[in-house]
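Report on the structure given below.
The values are calculated or read from the model by the stated rules, or taken from the named source; none is laboratory data. Here the structure is a predicted model, which means the values were calculated and not measured. We place every Cβ from the backbone using ideal geometry, glycine too, and count neighbours over all the protein chains shown.
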Amino acid sequence: MILKYQKVFKKFDGRHSTTIALIEPDYRDSEKRITELCVIGNDTYVHIPDELELPEQPFELDVTMESVTLTDELRAEIKALCPHVLLSYSRLQDRVRDRYSVEDEQYLARISIGALSGTYTMQDDEPALIANYQAWVEESREIARLERVTLGLA
């Protein structure tokens, strides 16, 4: 579930302030955790795994809390701002780069497009090269997609 709420900022004097934020449950080592996704305007978006129950919240927060129905636009906005999603995309790119350089990808794209258009005849080993590349990229994309699923943003 994705929930949004507004953090409360209180000033005590000119030098001291506090922030009232979501109170999380006491976690066990193996439990899934609440993840703060991003802040849009005054709203803080968090992902709460289905098996977790929130403890009682301060009144100031409780009145602003609401479950979010993700539209395509809101999902895209959260994904663009969420550091966890950005890290997932970065790890996806790193995983592909571990095995294939940009030049490798360009070469495989050229021979694939050339073969499809009939302007290039593949050498004996090239179909296997392309298949291995595609399998690696799809495996890497699936890992990144599953990371986003755990955040409620697939």
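Being under 25 Å from Tyr45 (Cβ atoms) and not hydrophobic (A, V, I, L, M, F, W, C) is the filter; apply it to the stretch 107-154 and report the residue that is surrounded by the most Cβ atoms within 10 Å (Cβ to Cβ). Walk me through how you get there before you give the answer.
So the first thing to find is which residues in the stretch 107-154 are under 25 Å from Tyr45 (Cβ atoms), and the list is 141-154.
With not hydrophobic (A, V, I, L, M, F, W, C) added as a condition, the list becomes 141-142, 145, 147-148, 150, 152.
Values: Arg141: 13, Glu142: 11, Arg145: 13, Glu147: 18, Arg148: 17, Thr150: 14, Gly152: 21.
Step by step, filter the stretch 107-154, then rank; the result is Gly152.
When the stretch 1-42 is examined, which residues are found to be at pLDDT 95 or above and exposed (fewer than 10 other Cβ atoms within 10 Å of the Cβ)?
The one that is at pLDDT 95 or above and exposed (fewer than 10 other Cβ atoms within 10 Å of the Cβ): Gly41.
Of everything in the stretch 1-11 that's touching a residue at least 40 places away in the same chain (Cβ under 8 Å) and in a strand (DSSP E or B), which residue is farthest from Leu61 (Cα to Cα)?
Step one: of the stretch 1-11, the residues touching a residue at least 40 places away in the same chain (Cβ under 8 Å) are 1-8.
From the residues that got through so far, the ones that are in a strand (DSSP E or B) too are 2-5, 8.
Values: Ile2: 15, Leu3: 12, Lys4: 10, Tyr5: 7, Val8: 7 Å.
Among those that are touching a residue at least 40 places away in the same chain (Cβ under 8 Å) and in a strand (DSSP E or B), it is Ile2.
Where in the stretch 12-86 are the strands (runs of 3 or more DSSP E), entirely inside, with at least 3 residues that are within 28 Å of Ala144 (Cβ to Cβ) and either touching a residue at least 12 places away in the same chain (Cβ under 8 Å) or outside the structural domain of Ile143 (by TED's automatic domain parsing) (or both)? So that I can check it myself, show each step before the final result.
On the way: elements: 17-20, 35-40, 43-47.
Counting at least 3 such residues, we get 35-40, 43-47.
Which condition number in (1) in contact (Cβ under 8 Å) with a residue 40 or more places away in the chain; (2) in contact with a strand residue (DSSP E or B) (Cβ under 7 Å, 6 or more places away or on another chain); (3) surrounded by 12 or more Cβ atoms within 10 Å (Cβ to Cβ) is the one that Arg91 fails?
Failing condition for Arg91: (2).
Suppose the filter is loosely packed, with under 10 Cβ neighbours inside 10 Å, at pLDDT 95 or above and not assigned by TED's automatic domain parsing to the domain that holds Arg33; does Val96 pass it?
On the way: loosely packed, with under 10 Cβ neighbours inside 10 Å: no; at pLDDT 95 or above: yes; not assigned by TED's automatic domain parsing to the domain that holds Arg33: yes.
It is false that Val96 is loosely packed, with under 10 Cβ neighbours inside 10 Å, at pLDDT 95 or above and not assigned by TED's automatic domain parsing to the domain that holds Arg33.
What's the total number of residues in the stretch 49-79 that are touching a Leu at 6+ places or on another chain (Cβ under 8 Å) and either surrounded by 12 or more Cβ atoms within 10 Å (Cβ to Cβ) or among the hydrophobic types (A, V, I, L, M, F, W, C) (or both)? If you could, list the steps in order and put the result at the bottom.
Of the residues in the stretch 49-79, the ones touching a Leu at 6+ places or on another chain (Cβ under 8 Å) are 54, 57, 61, 65-68, 70, 75, 78-79.
Keeping just the survivors that are either surrounded by 12 or more Cβ atoms within 10 Å (Cβ to Cβ) or among the hydrophobic types (A, V, I, L, M, F, W, C) (or both) gives 54, 57, 61, 65, 68, 70, 75, 78-79.
The total comes to 9.
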